[in-house]
Each structure stands twice: as structure tokens, then as C-alpha cells.
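The values are calculated or read from the model by the stated rules, or taken from the named source; none is laboratory data. It should be emphasised that the depicted structure is a prediction, and the values quoted were computed from it without experimental measurement. Cβ placement follows ideal geometry from the backbone for every residue including glycine, while neighbour counts extend to all protein chains displayed. The accessibility values were calculated without ligands, DNA or RNA, using every heavy atom of the protein model including side chains. Shrake-Rupley method; radii C 1.70, N 1.55, O 1.52, S 1.80 Å.
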Amino acid sequence: MHIQVSGKQVDLSSALKHRVNTHLGTLAERYFDKGLEAQVTFSRARSFFTCDINVRAGRGLILRGEGEASDANAAFDDAAEHIAKRLRRYHRRVTTHSRTAPRQELPQKARSYILRPVDESENPAQAGDNQSRPDETYATIIAEQPTDIPLLAVGEAVMRLDLAGSDFMLFRNAGNRQISLVYRRDDGNIGWVDTAPV
């Protein structure tokens, strides 16, 4: 398992780096057969430390954990416990995923964009005249990058949403091959949007 440990404006001791490597290595051995990649970032906010762990566990499976505490070790423990709790919940499905991943169909390729919101105060059409031009209302593209839209069952999409700690996930439904979306609602439940014809 390749683990990158870094600090944002924080000096990290070699003992902390060794502890992170040992703990995440043990966690990976328990749940996955193959080598994984992990990024662990420590930072300091006011009077406490934060730890952000991102683990890439095979094709399309991303686990995310966050923690904060008064010291870096406790922040790491908190973040690692978030990941371990999710892995315990989905233990059977995660281990099955890691063993069957090479046989899965390749994901559909797409592009994702990061947009800067339109600043209403900069729009001259709203400043004086009522004739707005459509080309002045679009947001500016800040960045674009390739992304994958995996072919998944709805249950696996919900599992990946939870493991990654994301708010939404776009996927192709394995049942009908249509684009679908699962998302975390404001009340904590999971919503599902399916584009299949009714």
C-alpha cells in the first residue's frame, strides 16, 4: 500500500508518519487483497488539528474519513475510525468488490467541470436596460478534468456514496443502463433519481 502523509503548515514527526503507515496498512490487509493508495493530510485550525484521509481502493472505490482533535494523533484516530466504521458496515460487499473489480465492465468516460458562479453585480444587462443577452449569464469554467461514470447497481452506488462521504454520485444503473443519481438529502436519508422512461 502506498501511503502519502503530509502536513499543511504543520511539521509531522517520523513517529506519527510511522503510526499512520502501520495503522492504514493493517486496515488495508484486513479488507483488501491488492495494494492501495492513500493520502493523509494533517492541518491546524485555530486550537485543534484536523486529519483528512482519502483511500483509493480499486477501480472507482474511494473511502474518505475526517477527524479533528486537540492533537494530531487523536485527529488521525478519529478519521481512521470513520473509515473503519464504514468498512465494517460494508465488509462483505467491499471484499467482494475488490475481488471482482477486474471482471467489471469499464466505466463510461465523461468530463467534469468546476464553474465560477456568475456575479450579478458584474452583469451590465441588469444594471440599466432590460434587454439581457444570454451570453452574459453563463458561469466561467475554472477547471475541467476527465471523470468516470461507473456501471453499478443502486445498492453499490449508495455504498460508494457513503464510503466516500460524498453528497451525490452519478452512475449508470446496471439494471437499465440509464444514467442515475444518488444523493444525500437534507434530512440524512438517501435520494435516487433515475432517468429511465416511465
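What residue, of Arg177, Arg160, Arg172, is touching a residue at least 24 places away in the same chain (Cβ under 8 Å) and in a helix (DSSP H, G or I)?
Being touching a residue at least 24 places away in the same chain (Cβ under 8 Å) and in a helix (DSSP H, G or I) holds for just one of Arg177, Arg160, Arg172, which is Arg160.
Could you list, in sequence order, all residues of the range 151-180 that are out of contact with any Lys or Arg (no Cβ under 9 Å at 6 or more places or on another chain), open to solvent by less than 40 Å² (accessible area, probe 1.4 Å) and more than 16 Å from Tyr90 (Cα to Cα)?
Passing the criteria: Arg172, Asn173.
Take the residues of the range 143-197 that are hydroxyl-bearing (Ser, Thr, Tyr) and modelled with pLDDT of 90 or more: which is farthest from Arg56 (Cα to Cα)?
First, pick out the residues of the range 143-197 that are hydroxyl-bearing (Ser, Thr, Tyr): 147, 166, 180, 183, 195.
From what is left, the residues that are modelled with pLDDT of 90 or more are 180, 183.
On the way: Ser180: 23, Tyr183: 21 Å.
It comes out as Ser180.
Report whether or not Asp78 is out of contact with any Cys (no Cβ under 8 Å at 6 or more places or on another chain) and acidic (Asp, Glu).
Values: out of contact with any Cys (no Cβ under 8 Å at 6 or more places or on another chain): no; acidic (Asp, Glu): yes.
So Asp78 fails the test.
Quick check: is even one residue across the range 1-22 acidic (Asp, Glu) and either open to solvent by less than 70 Å² (accessible area, probe 1.4 Å) or in contact with a helix residue (DSSP H, G or I) (Cβ under 7 Å, 6 or more places away or on another chain) (or both)?
Within the range 1-22, the subset acidic (Asp, Glu) is 11.
Now restrict to residues that are either open to solvent by less than 70 Å² (accessible area, probe 1.4 Å) or in contact with a helix residue (DSSP H, G or I) (Cβ under 7 Å, 6 or more places away or on another chain) (or both): none.
No - not one qualifying residue is present in the range 1-22.
Kindly indicate which of Thr41, Thr50, Thr22 is over 19 Å from Asp162 (Cα atoms) and touching a Lys or Arg at 6+ places or on another chain (Cβ under 7 Å).
On the way: Thr50 fails: touching a Lys or Arg at 6+ places or on another chain (Cβ under 7 Å); Thr22 fails: touching a Lys or Arg at 6+ places or on another chain (Cβ under 7 Å).
Of Thr41, Thr50, Thr22, the one residue that is over 19 Å from Asp162 (Cα atoms) and touching a Lys or Arg at 6+ places or on another chain (Cβ under 7 Å) is Thr41.
Please work out which residue is most open to solvent (accessible area, probe 1.4 Å), limiting yourself to the range 37-51 and to residues that are closer than 14 Å to Gln9 by Cα and charged (D, E, K, R).
Arg46
May I ask you to list the residues in the range 52-70 that are modelled with pLDDT under 90 and open to solvent by 80 Å² or more (accessible area, probe 1.4 Å)?
Selection gives Arg56, Arg59.
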